[in-house]
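The values are calculated or read from the model by the stated rules, or taken from the named source; none is laboratory data. Model, not experiment: these values are computed from the prediction. Cβ placement follows ideal geometry from the backbone for every residue including glycine, while neighbour counts extend to all protein chains displayed.
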Amino acid sequence: MVRRRLLVAVPVLAATSAGMFALGAASPIDPAQQYAGAAAFTTSEENLAQIRANWGVDDPLPVQYARWVGHLLQGDLGWSTSRHEPVTSVLAARAGWTLLLVGAALALVLVTSLLLGTLAAYRRGGWLDRGLRASAYAVQSMPVFWLGLAAIALFALALGWLPAGGLTGITATGTDPADVARHLILPVGVLAVAQAPWFVLFIRDAVAESLRDDHVLAARARGLPGRTVLFGHALRTALLPFLTLVGTHLPELVGGAVLVETVFSLPGLGAVTVQAALGSDFPLLAATTLATTVVVLAANLVTDLAYAAADPRVRLDD
Amino acid sequence: MGVHTLPDLRYVTSRLTALTVAVLALAACSAPSTTPSAPGGDTLVVATAGEPDALNPVLNYGVDGGSLIFDGLVSRDESNRLVPALARDLPTLSADGKTVTAKLRDGVLFHDGSPLSAQDVVFTYQSVLDPKVDSTLRSDLDMLVSVTAPDPATVVFRLKYPYAPFLQRLTLGIVPAKVLAGQDINKAAFNRQPVGTGPYEVKSWTPGDRLVLSANQKYWAGRPANKGVVVAFVADDNVRAQRARAGEFDVAELAPKLAAGFDGQAGYRVQKVPTADYRGVTLPMGNPVTGDVAVRRALSAAVDRAALVTGVLGGAGEPAFGPVPPSSPFAEPSIAGKAGAAPDAAAALLDAAGWKPGPDGIRARDGRPAAFALMYPATDSLRKELALAVTADARKVGIKVTPEGLTWDAITPRMGNDALVMGYGTPYDPDFVSYKLFGSAFAGQGFFNPGSYRSPTVDQALQEGRDHADPTRRQAAYSAFQKQIAADVPWVFLTYLQHTYVVSATVTGVAARVEPHEHDVANSLWWNIHTWTKKP
C-alpha cells in the first residue's frame, strides 16, 4: 500500500504545484511593485520592468512552471522574490520552528484529550464532564489570535511567569534549548488549547458510546476492575476513529500555527507564507504548499498504517 | 470479532508516542542550537514592524542614511542638514552643476578591517546603475552618467544635466567592492551578513525575529556609547504593544492609539516624531467635476483638518496645506490656511462658479451633479477613515463623494478620472517627489502625476529649483511652486502624519528628527543610537 500511496502522491503534488502557479498567474499583484514597497510610487516603470525581467516573472506561465520543475528535479526550489533569498534557505531557517510548534502542540493535544475525554465519559454528567464540555464549547468559539493575546496578558503581563513572545530572550545571542523551551510554553499551550475541543469532545462521545457496547458490558460483568474496563476496553474501541480524526485535522493545526506564530513573533513559516501570497512569490508559495501537501499525505499514510496496526480487520494489501 | 482481536492498546499508544517523538526530534535537528550567552550590560533593544528584505544599500536598504551598519559620503544631522561622513568635507558641485567631486576621509576601515577607497564608492554607485541589479534607487539616480575614481581618495560623479540636490543622494551607504565584486549582487550572501563602515556590525540576523548588532570599536567617528543594539521585528501592532508592556524593549514604534496607553505609565514616555509623509486627495483634471478649479478650492476649504488630526490620527499629526512639510527650510508659510473647516467660504466659491444646490442638497451645474468617486486602498484603514471624513465634509457643502475601497490593481487604471486618497512626501529636498508628481511632463504616467495636472508656472519653478544650486534662487522657485499648487489645488492636502514611539525612561540621548515615510532598522527614532546610553 505504501508504494501505491507514493505513486498517487506524485500526480497530487504535480497538480497542487501547477494549481499554485495558475492561481499566482491570475493574481493581479505585481511582484516587483510589492518588492519596491513604498518606493514603488517613485520608481519608474522602466526600473520595475528591469527587475521583473531579472526575475523572469513576465515569462509565459508554462515557461515559468517548466523552469521551476526543471530546477526542482535538480533539488533547487528556486529564488524567493519576496524574501530575497533561496527558497531552500527560507525553509531551512523556518520550517524547523513550525514543525516543533505543531509537533509539540499535537503531542500535548493527544495526551490531554485522551486522558480528559475518557475521564469525562466515565463520569458522564459529573462536574468534570460538564465543566469540560462547557469550556470546550467556549474555547471553540474563541479565535486563536484572541486566545494568544489573552494568554500574553495573563501569563506574561499580569503574572510575569512567561515571556510574551520571541524565540529566545531578546538579548540572547544563540538559541539555548532551555530558553527556547520556556518561550515555547505559551505558543504551544495556546495552539493545543485552541485545537483541543475537537479531540476532547470526540473522545468523550466515542468512549461514552463504547461504554455501552456489548464487549464492555461483558467485561464489566466479568468483574474486571473499572480502570481496566475504561482504558483497556472502552477507550481502545474509541481510539480507531480517533486516528482518522487526527489525520484529517492536521491541516487545521498547521493553519492555527500560522496565527500563533504571528501572535508570539516566532520566525516560522506562517508569516513568510502570507508575505509570499501577498507578493505573488510563486517559488516560495509552491514550496510551502508542496511541503504542507507532503505533510498531509504522510499524515494520512501514517494514520492508515496505525489503523492497520490497531485493527487487524483492516488489511493493507488491497 | 470482538475485544480480543484488538491488539494491545499500549502498542498503539507507543506507536503514536514514537511518532510524536520523531516529529520533535526532526524539528530539533533542523533548528540551529548554540550556546546561550550573557546579556550585554548596556545593549539597547528596539522594536519595529519594518524588516528590510536585504541589508544591502544597493538593494534599497537605508538609502537615506541612518542605516546603523553603513555610512554614506554624507549623512544628516538632527535637523536633516547634510554633514560630511565618509567624505572629508561636503562634496562640491562644479559651476555648470554637472560634476560633483568628493574627497574621502582618511583611515576609515570596513568591519572586516580593510580600508575604504574611492573604488568602493565607484562600485556602490555603478551597482545601483546596473540594470541586472534589483535596485529601485536607479529611478532616483537617472541623472547620473558616470562615477570615477581619479585617485584612491577622490570620487567624481558626472551628471547628464545640472541637478542641484544631487548631494542629497549621497547618503547611500558604501559597500566594500572587494567583498562583492564578481558576484550576483541580488543573491550575494553579503545581503544577510553585510560588511560596512558604520557604527555597528552585524552579528546575526534571524529574519522574522531579530537583528543583533554589536558596536564597531574602530568606528571612524568614535566608539559607540553602548555595546550593541538588538532590533526586534514584531510585525503586529498589538503584539508589539503587549511585548513592550512586558518590558522587553527600550524603544518600540507603536500606532498612535496604542502608544497613548503608555502615556503616564511609569518608566515610559511617548515620543511623537514629525514626518514629511502627507496624506491627501488627488483630484484628476480629466474628471468633469474635479476638473473645475472652483470645486477643488471648495473641497480644500470644506475639509476639517483639525478634526482629522484629533479624530482619525489620534492627535499624531498636523494639518497639511502643501507638498513641502512645514519643517523644511523651503516651506512657504503663506499657503497655510485655517485648520478647521470653512464651509461658508466653500459654499461661496461653488455659488460663484454656478454650482447651485438641488432639491436633495447636492449641487449641480448645467444638469451635472457635483459628484465624484473617491478611491482608497481597501487594506489601508487610515486612508479609509480619511476618505470617509472627506466624504462627510464634502456633503456639508453640497458635494457628493462616493468612497470606494479597492485594490491597487483596480485603482491604477482609474487614477486619471477618479479621486484617490494618496500619500507621498520627503523631508529632504522638495525636488525629490514633487518634480515627478506635479510636472506636466509626467502627466498620466502611472503614479507620477496621475491626475494630469499641468501648470507652466509649476513646471518652470520645479525646473528652476533643480537647475540652480543657489539657495536663494531655489527658495524663490519653491515658494512660487507652493503658491501655485495652493491656488490650483490639484490635490487636497489633508494631514502630515507623526510616527509614535514609546521610550523607556532609562534611555538617554534620544534626538528625534523629521522622518520620511520609510523607516525600519534605518532612519527611525534610533538613527543616532550609537550615542545613546542606558541607566541600569
Total residues in region A:117-153, condition surrounded by 13 or more Cβ atoms within 10 Å (Cβ to Cβ), away from chain B (no Cβ under 11 Å) and under 29 Å from A:Thr262 (Cα atoms): 9
Consider B:Arg210 carefully, then state whether it is within 18 Å of B:Asn60 (Cα to Cα), buried (at least 20 other Cβ atoms within 10 Å of the Cβ) and basic (Lys, Arg). no
Collect the residues in region B:215-247 that are of a type in the set (A, V, I, L, M) and within 12 Å of chain A (Cβ to nearest Cβ), keeping them in residue-number order. B:Val229, B:Val230, B:Val231, B:Ala232, B:Val234, B:Ala235, B:Val239, B:Ala241, B:Ala244, B:Ala246
Can you find a residue in region A:33-41 that is touching a helix residue (DSSP H, G or I) at 6+ places or on another chain (Cβ under 9 Å), on the phi > 0 side of the Ramachandran plot and at pLDDT below 80? yes
A:Tyr65 fails exactly one of the following numbered conditions: (1) under 28 Å from B:Leu437 (Cβ atoms); (2) touching a residue at least 24 places away in the same chain (Cβ under 8 Å). What is the number of that condition? (1)
Filter result (in contact (Cβ under 8 Å) with a residue 24 or more places away in the chain and either part of a helix (DSSP H, G or I) or within 9 Å of chain B (Cβ to nearest Cβ) (or both)) within region A:154-163: A:Phe155, A:Ala156
Among (1) over 18 Å from B:Asn523 (Cβ atoms); (2) of a type in the set (A, V, I, L, M, F, W, C); (3) in contact with a Ser or Thr (Cβ under 6 Å, 6 or more places away or on another chain); (4) more than 14 Å from chain A (Cβ to nearest Cβ), where does B:Val133 come up short? (4)
Residues satisfying the stated conditions in region B:437-478, i.e. assigned to a helix (DSSP H, G or I), in contact with a helix residue (DSSP H, G or I) (Cβ under 8 Å, 6 or more places away or on another chain) and in contact (Cβ under 8 Å) with a residue 40 or more places away in the chain: B:Phe438, B:Gly465, B:Arg466, B:Asp467, B:Arg474, B:Tyr478
Answer residue from region A:17-53, given it is in a helix (DSSP H, G or I), surrounded by fewer than 17 Cβ atoms within 10 Å (Cβ to Cβ) and not hydrophobic (A, V, I, L, M, F, W, C) and is farthest from the other protein chains (Cβ to nearest Cβ) among those: A:Gly19
So, in region A:54-78, of the ones that are under 20 Å from A:Leu13 (Cα atoms) and crowded, with 19+ Cβ neighbours inside 10 Å, which residue ends up nearest to the other protein chains (Cβ to nearest Cβ)? A:Gly78
Do the conditions hold for A:Val8, that is, is it part of a helix (DSSP H, G or I), closer than 26 Å to B:Tyr61 by Cα and within 28 Å of the chain's Cα centre (by Cα)? no
Within region B:248-263, of all residues that are more than 12 Å from chain A (Cβ to nearest Cβ) and part of a loop (DSSP other than H, G, I, E, B), the one modelled with the highest pLDDT is B:Ala255
Would you check which residues across region B:398-417 are assigned to a loop (DSSP other than H, G, I, E, B) and surrounded by fewer than 22 Cβ atoms within 10 Å (Cβ to Cβ) and list them? B:Thr407, B:Met415, B:Gly416, B:Asn417
Counting only residues in region A:164-200 that are within 7 Å of chain B (Cβ to nearest Cβ) and part of a helix (DSSP H, G or I), the one surrounded by the most Cβ atoms within 10 Å (Cβ to Cβ) is identified as A:Asp179
Consider B:Thr154 carefully, then state whether it is surrounded by 18 or more Cβ atoms within 10 Å (Cβ to Cβ) and touching a Ser or Thr at 6+ places or on another chain (Cβ under 8 Å). no
Which residues, counting only those in region B:136-159, are more than 8 Å from chain A (Cβ to nearest Cβ) and basic (Lys, Arg)? B:Arg158
